[in-house]
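Take a look at the structure set out below.
The values are calculated or read from the model by the stated rules, or taken from the named source; none is laboratory data. Remember, it's a predicted structure, so these values are computed and weren't measured experimentally. Cβ coordinates were reconstructed from backbone atoms using ideal geometry, including for glycine residues, and neighbour counts include every protein chain displayed. Heavy atoms of the whole protein, side chains included, go into the accessibility calculation; ligands, DNA and RNA do not. Shrake-Rupley method; radii C 1.70, N 1.55, O 1.52, S 1.80 Å.
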Amino acid sequence: NTTRAGFIGLPAAGCQVKLVPVNGKLEIRVRGPMVTPGYWRDPERTAASYDEEGWYRMGDAVRFAEPDDPAAGLMFDGRIAEDFKLSSGTWVSVGPLRVALLTALSPLCVDVVIAGLNRDGLGALLLPDMRGCATFFPQLPADITMAQLAKSPVLLAEIKRRLDRFAVDHPGSSTSIARALVLDSPPALGNGELTDKGNINQRAVLDNRAHLVDALYAREPGAEVICIATA
């Protein structure tokens, strides 16, 4: 089914693809006349972006759409650079988890940032969908700000209800969220939190908002932290 979300298909004519096992996934690397030979006047970035055989490291993971039929094409399987380990040594696959969370939280959240590097469990910073929340909660003021929405009792209660259910359906330290926070301001392009394509840079958000990550893992979490009943 080529209409599936995340379906990449087969390489274009003239494009060579190499799949390299990395942390239990397959990283896709490409080579061909359509691939730039390097970054303009940036030899360090060029060296870091290509392997020893000249293959461009995209940083994306893929899987076969049909495990027994490579000709059926490839599926996107998350960003290698975003994955991390918990303190237990368990790998967290951020891409698929993010998609599952957004499905569970629709239409309340437009994006999520997953935290948990070297921690005992997972936390999440949630970017609220202002329009979706206005539709789902018609009782909210029409001029509510994101900062006000982040503290809204009805929103926090609904998110907790959904994440409690998510923890039941996705048991395990690498797939269930233990705590969450709703962001009170959107990610910004100027500080690297947004890419040129408008996607969230997970690492930058976690670095720039380290105080929120600390709040997620505080021994005694504040009232703004949503604590989920994990198994």
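Quick notes
Residues are listed down the side, and each one gets a yes or a no for (1) under 25 Å from Ala100 (Cβ atoms); (2) open to solvent by less than 90 Å² (accessible area, probe 1.4 Å):
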residue	(1), (2)
Lys18	no, yes
Met34	no, no
Pro37	no, no
Trp40	no, no
Pro43	no, no
Glu52	no, no
Arg79	yes, yes
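- Ala47 passes every criterion in (1) aliphatic (A, V, I, L, M); (2) more than 23 Å from the chain's Cα centre (by Cα); (3) open to solvent by less than 20 Å² (accessible area, probe 1.4 Å) apart from (3).
- Count of segment 81-109 residues which are under 30 Å from Phe137 (Cβ atoms), open to solvent by less than 30 Å² (accessible area, probe 1.4 Å) and not in a helix (DSSP H, G or I): 2
- Residues satisfying the stated conditions in segment 110-142, i.e. within 13 Å of the chain's Cα centre (by Cα) and in a strand (DSSP E or B): Val110, Asp111, Val112, Val113, Ile114, Ala115, Leu122, Gly123, Ala124, Leu125, Leu126, Leu127
- Residue in segment 147-168 that is under 15 Å from the mean Cα position of the chain (by Cα) and not aromatic (Phe, Trp, Tyr) present: no
- Among (1) open to solvent by 20 Å² or more (accessible area, probe 1.4 Å); (2) under 15 Å from the mean Cα position of the chain (by Cα); (3) of a type outside the set (A, V, I, L, M, F, W, C) - the single one Pro186 does not satisfy: (2)
- Pairs with Cβ under 8 Å, 6+ apart, first in segment 86-107 and closer than 12 Å to Ile177 by Cβ, second surrounded by fewer than 15 Cβ atoms within 10 Å (Cβ to Cβ) and modelled with pLDDT of 90 or more: Ala104/Arg165
Okay, residues lined up against (1) hydroxyl-bearing (Ser, Thr, Tyr); (2) in contact with an Asp or Glu (Cβ under 8 Å, 6 or more places away or on another chain); (3) assigned to a loop (DSSP other than H, G, I, E, B):
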{"site": "Arg4", "(1), (2), (3)": "no, no, yes"}
{"site": "Val17", "(1), (2), (3)": "no, no, no"}
{"site": "Glu27", "(1), (2), (3)": "no, yes, no"}
{"site": "Val30", "(1), (2), (3)": "no, no, no"}
{"site": "Pro33", "(1), (2), (3)": "no, no, yes"}
{"site": "Arg41", "(1), (2), (3)": "no, no, yes"}
{"site": "Ala48", "(1), (2), (3)": "no, no, no"}
{"site": "Glu52", "(1), (2), (3)": "no, no, yes"}
